[in-house]
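Below is one structure, written out as structure tokens; comments come after it.
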Amino acid sequence: MASETEILQSLIAAASAPPGAPGWAELLRLLAETTRAGTVALRLEQAGRPVAAWHHGAPPPALEETDKMRLGRVYAQGDLPGLMTRRAPLRALRAPAGPGGTALLWLARPEGAEDFRAIDGVQLSTLAPYLGPALTGWQAAEAARARAAQEQALARALGAAWILFSAGGQILDRAPGLEDLLTGTGIRLGSDGRLHLPEEATAQALRAALARTGPDAPPALLVLSDAPRLEMRITAPSDGPRLARLRRSPRAAALPVEVVARHFALAPAEARLAQLICDGRTLAEAAADLGWTLESTRSASKQVFARMGVRGQAGVIRRMQAGALWLAAPDTDEAGPDSEV
């Protein structure tokens, strides 16, 4: 049977638990074990609407008119609003959880079971001052993780990542998904915690840049790979770690044709031509890649220019490179042609 200290420690752990950890499930399990409840349920509400819920054991009974419950008071089945006629043992608590938020925690046993003990209500009363702040902290952490995931997805879509180096070249930290950015470049993350480059001259240039970069030195710029193009910019805001920002030039040919076609209202063949132009191919090279004649390629390019609202191949490149096309999710993106809102 868990002690009061163990339950409070579990509450703190749940508030800071990373995704996939037992978190709130473990807290409810401890409460069920300590109070011998058949069901323990927890619900977080914002402006009267549920935003998260957990339960342990059997499905929890519905709670009605919870807005009439006083904050911090432990209710029994006989005095809980909306459940005056309920005979099955129940204890419930409502606590504030941030601006406009409330937390509901309740224990239940099946009808005919022995009623809860006084000490079981005390367990809930003990949690009352801590429950709301713990849930508020958890919600803030979840929101921060969601924002970080969005930013990581945007960075990956735009071919960007970062590495934190020591002056000696040891990797101290790095962006999630860095391995994907290095795919096809011949560069790899070594088991020794260093970046391994296939060209010794480039490796020497990286070591030299890390050694000389400091708070008073200009940023160091390196080309780590030509095909695909991968550049690195190294700065050091202090005499400590060096921050390296990497950018890999995105290839339009890697985008699904249907995404490009839908984005610019092009036919699939026109979209393929636009991709080749964006990647720097001449019309003659594009014609060879597509198996077209040069004359038909020139004719198709004029149609592409007109539909995209640009003049010439440079306009296609600017339009594609500066747009949100690279942020499309091929599996789910259903956006139509470019539009202004």
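The values are calculated or read from the model by the stated rules, or taken from the named source; none is laboratory data. Since the model is a prediction, treat every value here as computed from it, not as a measurement. Note that each Cβ is placed from the backbone with ideal geometry, even for glycine, and that neighbours are counted across all protein chains shown. Note: areas computed on protein heavy atoms with side chains; ligands, DNA, RNA excluded. Shrake-Rupley method; radii C 1.70, N 1.55, O 1.52, S 1.80 Å.
Looking only at the stretch 182-196, which residues are touching a residue at least 24 places away in the same chain (Cβ under 8 Å) and part of a loop (DSSP other than H, G, I, E, B)? Once the filter is applied, which keeps residues that are touching a residue at least 24 places away in the same chain (Cβ under 8 Å) and part of a loop (DSSP other than H, G, I, E, B), the stretch 182-196 yields 184, 185, 186, 187, 194. Between 190, 177, 82, the distinction of being at pLDDT 90 or above and not aliphatic (A, V, I, L, M) belongs to 190 only.
Counting only residues that are open to solvent by 40 Å² or more (accessible area, probe 1.4 Å) and either in contact with a strand residue (DSSP E or B) (Cβ under 6 Å, 6 or more places away or on another chain) or among the basic types (Lys, Arg) (or both), how many does the stretch 126-157 have? Qualifying residue count for the region: 3.
Against the conditions (1) open to solvent by less than 20 Å² (accessible area, probe 1.4 Å); (2) in contact (Cβ under 8 Å) with a residue 24 or more places away in the chain, residue 80 satisfies every one except (2).
Condition check ((1) loosely packed, with under 15 Cβ neighbours inside 10 Å; (2) aromatic (Phe, Trp, Tyr); (3) part of a strand (DSSP E or B)) across all residues:
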{"site": "198", "(1), (2), (3)": "yes, no, no"}
{"site": "205", "(1), (2), (3)": "no, no, no"}
{"site": "211", "(1), (2), (3)": "yes, no, no"}
{"site": "216", "(1), (2), (3)": "yes, no, no"}
{"site": "221", "(1), (2), (3)": "yes, no, yes"}
{"site": "224", "(1), (2), (3)": "no, no, yes"}
{"site": "238", "(1), (2), (3)": "yes, no, no"}
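Scan the stretch 1-35 for residues that are surrounded by fewer than 18 Cβ atoms within 10 Å (Cβ to Cβ) and either under 11 Å from residue 138 (Cβ atoms) or without any contact (Cβ under 8 Å) to a residue 24 or more places away in the chain (or both) and the total you get is 11.
Kindly establish whether residue 316 is at negative phi, at pLDDT 95 or above and among the aliphatic types (A, V, I, L, M). So residue 316 fits the description; yes. For residue 304, the stated conditions hold: it is open to solvent by less than 30 Å² (accessible area, probe 1.4 Å), β-branched (Val, Ile, Thr) and modelled with pLDDT of 95 or more.
Can we say residue 163 is at negative phi, open to solvent by less than 20 Å² (accessible area, probe 1.4 Å), of a type in the set (A, V, I, L, M) and under 25 Å from the mean Cα position of the chain (by Cα)?
yes
Scanning the stretch 85-125 for residues that are in contact with an Asp or Glu (Cβ under 7 Å, 6 or more places away or on another chain) and open to solvent by 40 Å² or more (accessible area, probe 1.4 Å) turns up just one, 87. The set of residues from the stretch 267-283 being over 18 Å from residue 250 (Cα atoms) and open to solvent by less than 60 Å² (accessible area, probe 1.4 Å) comprises 267, 269, 270, 283.
Taking the stretch 172-188 as the range and being surrounded by 17 or more Cβ atoms within 10 Å (Cβ to Cβ) and among the hydroxyl-bearing types (Ser, Thr, Tyr) as the test, only 185 passes.
Within the stretch 53-62, is even one residue under 16 Å from residue 121 (Cβ atoms), out of contact with any Cys (no Cβ under 7 Å at 6 or more places or on another chain) and surrounded by fewer than 17 Cβ atoms within 10 Å (Cβ to Cβ)? No, every residue in the stretch 53-62 fails to be under 16 Å from residue 121 (Cβ atoms), out of contact with any Cys (no Cβ under 7 Å at 6 or more places or on another chain) and surrounded by fewer than 17 Cβ atoms within 10 Å (Cβ to Cβ).
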